Amino acid sequence: MTQNGHTNNIMKLNDISHQAYLLALESYPIFALLPNTEQGTDIKKSLLSMVSIHEYTKGEIVFLQHSPVVNLYFLLDGRVDCHRQLPSGQESLIAQYDSIGLINESVLWDWQKTDRDDLSAFQNKETIAAKHSALLSTKGGIHQLTATSRGTSLVASLCVESYFKTLDEFELGGLLKWFCECISKRLHHHIVSSDLLAFVQAKSKLSYYFITHYPIDKPFKLLCTQKQLAGQIGLRPETLSRTLKEMMAANLIKKEGATYQIIDIEGLLALVSE
């Protein structure tokens, strides 16, 4: 069942149960650490009043990898598993949640525009690039994992825009948002690095690395030396050097001095799919 097709109803909890869950949620740091001032208390009450509680049955999806982030999700009761799906179709279990807390912290936050925002040229065609267009996007607010309920679970949701908008009301709000963005980008690169371990072919590894780290429409320089890159993606330096030459000979990428540029994004995505 897809997230868009999910039709679960909001739990019709009695007032006592609902208030008990909200009280437990209020003690969670994302609420509890808001400033202990009159303004902070008012904002906390306002946010908690926006919280909805949903019941998910076994196997139901809470949110999907690469889908836009609309809500913050908090597990209240039950169990939720989060896994990562690779372009090959393989799935890797990343985290299991069975206690109260935020379950979609592994989000790629980015409040700035990026070079990969406009994917309409790919999404409107039946191409390999269209199939994997999510790999080309680092636009802010995307889920990096899929969350699935492993039994009957209660999950609270809060509009993410409402929460982060409140941070702007506080003196250090901008700093906190910047910190979240920086940490999420580092986490994104760690997750992508773990993805690379699933690839066997050197060309597939290198194609995935280029697609997920660099712009598709302008020149770039490698973030590290070739020797360091080889170690990062699990290749021997001589294998990396040979693979780069083969990819340049195939007109997938080009190199001028120390600068590279992706030439054939369809070709790279095809290699990722192998």
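Brief remarks on what is shown
- Protein accessible area in the range 25-64, 1.4 Å probe - carbon and sulfur %: 53
- Pair-distance distribution P(r) for the range 218-263, from all Cα-Cα distances in 5 Å bins starting at 0: 5, 22, 27, 30, 15, 1 percent.
- The range 188-254, accessible area per residue, ligands and nucleic acids excluded (1.4 Å, Å²): 50
- The range 156-256: radius of gyration and largest Cα-Cα distance (Dmax), Å: 18.6, 54
- Between amide H atoms placed 1.01 Å from N, distances below 5 Å from residue 77 occur with 154, all of them 5 or more places distant or on a separate chain.
- 21 Å Cα-Cα threshold exceeded, pairs from 185/254; 221/245; 205/227: 185/254
- Measuring nothing but protein heavy atoms, the accessible surface of the range 178-274 at 1.4 Å probe radius is 56 percent carbon and sulfur.
The values are calculated or read from the model by the stated rules, or taken from the named source; none is laboratory data. Note that this is a predicted model, so its numbers are computed, not measured. Keep in mind that these areas ignore ligands, DNA and RNA; they rest on the heavy atoms of the full protein, side chains included. Shrake-Rupley method; radii C 1.70, N 1.55, O 1.52, S 1.80 Å.
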